[in-house]
Amino acid sequence: MSEIPADDIPALLLRTLPECAEFIAEKYEMPAEAAVRTEAVAVDLYGLLAECLTTPVLMPQLESDAPDPELLARCWDFVERLTAHSLESVRGAAYFEVLEQLLNADGLVEAAWPYMKERTRARTLTMLDFYGVHLPGIDRR
């Protein structure tokens, strides 16, 4: 899988997760398809991830008693592409606005773990170590 240019990440989010469209449209006050092609959205990767993916789509799925496995797989495929990106700004956005947010509620890391890919899992383990969080069955302590 080739690396996507950072400016194309908003469009990739919309293509991968059309469930984010209404949140993108609301945040940027224009149709999602138009918003993801603007420079303003491309430079707002942190806000885009937090307000259009993590809070409204990903976390509710992880908190659900009946999550959609296909939707969660697409979410983590997208996050994996970000965690593998060559730009620290892109990796940082995934770390702070997706992975770190999972610590805000009990059980979200555990719920996400089966869907995470290799790099995302490695980044999550680093995060857990950094914060001194021990999760049985996930971290190595």
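A few comments on the model shown:
- Search result, residues across region 88-106 that are more than 16 Å from Thr126 (Cα to Cα) and surrounded by 15 or more Cβ atoms within 10 Å (Cβ to Cβ): Val90
- Breaking point among (1) modelled with pLDDT of 95 or more; (2) of a type outside the set (Gly, Ala, Ser); (3) surrounded by fewer than 19 Cβ atoms within 10 Å (Cβ to Cβ); (4) not in a helix (DSSP H, G or I), for His85: (3)
- Cβ pairs under 8 Å, 6+ apart, first in region 1-23 and within 20 Å of Ser89 (Cβ to Cβ), second polar (S, T, N, Q) and in a helix (DSSP H, G or I): Ala6/Ser89
- Residues located in region 5-29, provided they are of a type in the set (A, V, I, L, M, F, W, C) and surrounded by fewer than 16 Cβ atoms within 10 Å (Cβ to Cβ): Leu12
- Selected residue (only one of Ala50, Ala34, Ala66 is under 21 Å from Ala105 (Cα atoms) and without any contact (Cβ under 8 Å) to a residue 12 or more places away in the chain): Ala66
- Yes/no for Val90 being assigned to a helix (DSSP H, G or I), over 18 Å from Met59 (Cβ atoms) and touching a residue at least 12 places away in the same chain (Cβ under 8 Å): yes
- Pro67 fulfils the conditions (1) in contact with a helix residue (DSSP H, G or I) (Cβ under 8 Å, 6 or more places away or on another chain); (2) over 19 Å from Thr120 (Cα atoms); (3) exposed (fewer than 14 other Cβ atoms within 10 Å of the Cβ); (4) not aromatic (Phe, Trp, Tyr) except for a single criterion, (3).
- Residue pairs whose Cβ atoms lie under 7 Å apart, separated by 6 or more positions or on different chains, with the first residue in region 111-138 and more than 16 Å from Val98 (Cα to Cα) and the second of a type in the set (A, V, I, L, M, F, W, C), are Val133/Leu103; Leu135/Val109; Leu135/Leu128; Ile138/Val109; Ile138/Trp113.
- Members of region 2-42 found to be closer than 17 Å to Arg74 by Cα, among the small types (Gly, Ala, Ser) and in contact with a helix residue (DSSP H, G or I) (Cβ under 6 Å, 6 or more places away or on another chain), listed by number: Ala21
- Those residues of region 54-73 which are within 22 Å of Pro10 (Cα to Cα) and charged (D, E, K, R), in sequence order: Glu70
The values are calculated or read from the model by the stated rules, or taken from the named source; none is laboratory data. From a predicted model like this one, the values you see are computed outputs, not experimental measurements. Every residue, glycine as well, gets a Cβ built from its backbone with ideal geometry; the counts of neighbours run over all protein chains shown.
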